[in-house]
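The values are calculated or read from the model by the stated rules, or taken from the named source; none is laboratory data. All values reported here derive from a predicted model rather than from experimental measurement. All Cβ positions, glycine included, derive from the backbone under ideal geometry; neighbour counts span all protein chains shown.
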Amino acid sequence: MANGILNNQFKQRFFKNKAAVIALLFIVFALMIGVFGYFIAPDNSPNANRMIPEIGSKKPGFTILLLKESRATLQQESFFKILMSGKTEQFSYTPITAYYFKKDSLVYTKYLDEGVTETQTKILPNTITQEKFKQQFIVQQTFYLGTDKFGRDILSRLIIGIRVSLSVGLIAVIISLTIGVFLGAIAGYFRGKVDDIIMWLINVVWSIPSLLLVFAITLVLGKGFWQVFIAVGLTMWVNVARLVRGQVMAAKELEFIEAAKVLGFSNSRIIIKHILPNIIGPIIVLAAANFAGAIIIEAGLSFLGVGVQPPQPSWGLMIKENYNFIITNNPMLALIPGLAIMLLVLAFNILGNGLRDALQVKTN
């Protein structure tokens with residue numbers, strides 16, 4: 001009964017906080033984009049890595065005709081395969097500015113650079129009509145956020161790159177909660193020498209700057225996708241352990257915990273079934289903050305070259321590849337992924353604040 005009342009109070013408080021609700025909706029929206037990214041992105045090739053060097057570093061809204069030429073036998077791919085890693089690239093793309101048909105040939109003007117073109121001729125396959133060739137192999141594409149220096153679609157890489165940010169946040173939080181809750185609960189419940197040893201470990205890790213610790217772990221584990229997750233997670237458990245330790249120390253003195261001891265319940269049962277469920281609120285709030293922190297750390301690592309490696313898209317890596325354009329005529333190449341990082345981190349911070357306010361039960 002009491003739990004039901006508290007749950008209703010929590011929902012009322014949370015949904016009254018419009019900023020927190022909007023942040024939650026934004027995070028859910030980002031999650032859906034991350035999951036179904038390859039079905040949403042204009043470039044659904046693996047890692048959104050379709051390179052068209054002739055149209056590199058174009059501004060948002062750039063539109064051009066593309067001539068598709070088959071370079072592999074067309075094959076059907078499963079829904080799950082496309083969902084996870086994209087669709088195998090089966091065409092090469094040539095940017096063109098104009099074209100016309102001459103008997104059994106296609107004459108087109110190839111785009112080489114701004115103001116530079118070249119006229120070429122392509123013989124049509126005998127099995128295809130001019131109209132069918134036009135419909136299937138000549139497409140007009142608009143790059144709504146422009147292209148990077150390799151001619152890749154910024155929008156597509158931004159969409160696929162959200163997977164890295166959300167994944168590193170999720171896995172880092174899971175790792176940090178697993179280690180932090182375990183060590184914090186043991187330290188706060190048993191105290192004594194166990195507490196002293198765990199607190200010494202916490203203080204040692206706490207004294208090392210997070211970025212340096214991540215560097216050290218990354219150098220040991222190597223560069224890569226999964227290594228970043230583990231490295232970030234192993235640096236974020238300290239906050240969790242300190243919080244859980246304090247909460248367990250306070251909860252341990254409550255009457256129902258004393259009653260559980262008198263009834264002969266085991267220490268593990270008391271911790272897992274009676275203490276942790278009653279301190280879950282602050283842990284959730286801290287998990288939201290750690291999620292935001294993990295996104296920033298991953299972006300920083302990728303920017304410095306020790307995080308996610310090319311061609312896999314990462315927002316931090318996109319900034320690294322394009323930050324030189326900030327002082328040139330196309331700053332959006334670096335500003336767009338930076339803005340995406342800012343919005344996602346802001347959403348998690350606002351959500352964390354909303355959860356904190358909603359879980360704060362006032363007593364008279």
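Please determine whether any residue of region 88-104 is farther than 28 Å from residue 303 by Cα, aromatic (Phe, Trp, Tyr), surrounded by 15 or more Cβ atoms within 10 Å (Cβ to Cβ) and touching a residue at least 40 places away in the same chain (Cβ under 8 Å).
Within region 88-104, one or more residues are farther than 28 Å from residue 303 by Cα, aromatic (Phe, Trp, Tyr), surrounded by 15 or more Cβ atoms within 10 Å (Cβ to Cβ) and touching a residue at least 40 places away in the same chain (Cβ under 8 Å).
So, in region 114-163, how many residues would count as being modelled with pLDDT of 90 or more and aliphatic (A, V, I, L, M)?
9
Could you check region 104-157 and list, in sequence order, the residues that are out of contact with any Gly (no Cβ under 7 Å at 6 or more places or on another chain) and basic (Lys, Arg)?
Listed by number, the residues that qualify are 110, 122, 132, 134, 152, 157.
For region 43-76, how many residues are part of a loop (DSSP other than H, G, I, E, B) and surrounded by 13 or more Cβ atoms within 10 Å (Cβ to Cβ)?
Matching residues across region 43-76 total 12.
Pull out all pairs, ordered by first then second residue, where Cβ-Cβ is under 6 Å, the residues are six or more apart or on different chains, the first lies in region 289-311 and is in contact (Cβ under 8 Å) with a residue 24 or more places away in the chain, and the second is of a type in the set (Lys, Arg).
Note: pairs meeting the criteria are 306/223; 309/223.
Taking the criterion of being farther than 24 Å from residue 58 by Cβ and either in a helix (DSSP H, G or I) or of a type in the set (S, T, N, Q) (or both), would at least one residue in region 313-328 satisfy it?
No: zero hits.
Any idea which residue in region 279-302 is farthest from residue 147 (Cα to Cα), counting only those that are buried (at least 20 other Cβ atoms within 10 Å of the Cβ) and not aliphatic (A, V, I, L, M)?
290
Among the listed residues 78, 85, identify the single one that is of a type in the set (Ser, Thr, Tyr) and either in contact with a helix residue (DSSP H, G or I) (Cβ under 7 Å, 6 or more places away or on another chain) or assigned by TED's automatic domain parsing to the domain that holds residue 314 (or both).
85
May I ask you to verify whether residue 162 is in contact (Cβ under 8 Å) with a residue 40 or more places away in the chain, surrounded by 15 or more Cβ atoms within 10 Å (Cβ to Cβ), more than 30 Å from residue 68 (Cβ to Cβ) and not charged (D, E, K, R)?
When the stated conditions are applied, residue 162 does not pass them.
All but one of (1) surrounded by fewer than 16 Cβ atoms within 10 Å (Cβ to Cβ); (2) farther than 26 Å from residue 142 by Cα hold for residue 31; which doesn't?
All conditions pass for residue 31, except number (2).
Looking for whichever is exposed (fewer than 11 other Cβ atoms within 10 Å of the Cβ) and in contact (Cβ under 8 Å) with a residue 12 or more places away in the chain here; the options are 142, 117, 121. Which one fits?
Matching residue, one of 142, 117, 121: 121.
When the residues of region 322-351 are filtered to those that are at pLDDT 90 or above and small (Gly, Ala, Ser), which remaining residue is surrounded by the most Cβ atoms within 10 Å (Cβ to Cβ)?
347
Could you look through region 75-132, keep only residues that are among the basic types (Lys, Arg) and under 31 Å from the mean Cα position of the chain (by Cα), and pick out the one that is nearest to residue 49 (Cα to Cα)?
87
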